[in-house]
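Below is one structure, written out as structure tokens; comments come after it.
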Amino acid sequence: MVKQTLRLIKARQSAADEQFERDMGNATNIAIERRLSCLIAPQYADFDFATFQNLDLSGNQMGMSKQMQSYASDIELSGYHSVLLSGQPGRGKTGLAFCTLREIIISGKRAEYVLWRDLIAQVQSTYSTDEDSQAIIEKYASAEFLFLDDLGLMTKANVSDDYLDRTEYLIERRLLAKLPTMITSNLDINGLWSQFSERLAGRINDNYARLIVTGKDLRK
């Protein structure tokens, strides 16, 4: 009778442990889904590497897709740490970047996404309030993975030295902390050199894998 009771208790404990694991898994899945919905742009909500690779691709678009898929699967083994994806508008760099971000989020990393001009706007909005602009930068500086979109989209004439300094600080901080960063830009490294400081462009040039996406305009 005692043995039977112990077996019953053990079975109940085992069932409870299994249910706990399922609940934790469900909670994790819910958290991931919420994170995806917050960070993935609506037009890329159902967009993944398989979707991209089924497009009518040309140039090196397929090759870049496979490289970024490898990067997303294991950043360390990919041979890259941080990546600059550049190319003419419409070549697929933003789509590839969102595919990558999706995989990074699903893997459980605390990722952040910000459009560069929105980052500048967030900082600018604090100038007339008591909000700490540095706290905004720190949010992105400390993320396990950061997707900084459309760097250099604004003209230099419209961006103050303060904004440029903060962008440089953000990239520098992440490099020192050895946190992976993915940047998209219509500018290649020479364009970034003209748009920003020599120091910032040099940091990207020396520490990022510089991938240029070529091929047809996928928007047409």
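The values are calculated or read from the model by the stated rules, or taken from the named source; none is laboratory data. Worth saying up front: this structure is predicted, and the values here are computed from it rather than measured. Neighbour counts are summed over all protein chains in view; Cβ atoms, including those assigned to glycine, are modelled from backbone coordinates with ideal geometry.
Are any residues in the stretch 193-209 part of a helix (DSSP H, G or I) and closer than 16 Å to Asp161 by Cβ, and if so, which ones? If the condition is that a residue be part of a helix (DSSP H, G or I) and closer than 16 Å to Asp161 by Cβ, then Ser194, Gln195, Glu198, Arg199, Leu200, Ala201 are the ones that fit.
Taking the stretch 66-117 as the range and being hydroxyl-bearing (Ser, Thr, Tyr) and outside any helix (DSSP H, G or I) as the test, the residues that pass are Ser78, Tyr80, Ser82, Ser86, Ser107, Tyr113.
Remark: Ser185 matches the filter, which requires a residue to be of a type in the set (S, T, N, Q) and in contact (Cβ under 8 Å) with a residue 40 or more places away in the chain.
Thr214 meets each of the listed conditions (1) out of contact with any Leu (no Cβ under 7 Å at 6 or more places or on another chain); (2) hydroxyl-bearing (Ser, Thr, Tyr); (3) at pLDDT below 85 apart from (3). Among the residues making up the stretch 132-167, those that are under 12 Å from Trp116 (Cα atoms), at pLDDT 85 or above and outside any strand (DSSP E or B) are Ile137, Tyr140, Asp150, Leu151, Arg166, Thr167.
Within the stretch 171-204, if we keep just the residues that are exposed (fewer than 15 other Cβ atoms within 10 Å of the Cβ) and of a type in the set (Lys, Arg), the residue that is modelled with the highest pLDDT turns out to be Lys178. Listed conditions (1) assigned to a helix (DSSP H, G or I); (2) surrounded by 10 or more Cβ atoms within 10 Å (Cβ to Cβ); (3) at pLDDT 55 or above are all met by Ala16, apart from (3).
Scanning the stretch 43-65 for residues that are in a helix (DSSP H, G or I) and surrounded by 14 or more Cβ atoms within 10 Å (Cβ to Cβ) yields Tyr44, Phe49, Phe52, Gln53, Gln61, Met62, Gly63, Met64, Ser65. In the stretch 115-139, what count of residues is obtained for those that are under 13 Å from the mean Cα position of the chain (by Cα) and buried (at least 20 other Cβ atoms within 10 Å of the Cβ)? Residues flagged as under 13 Å from the mean Cα position of the chain (by Cα) and buried (at least 20 other Cβ atoms within 10 Å of the Cβ) within the stretch 115-139 amount to 1.
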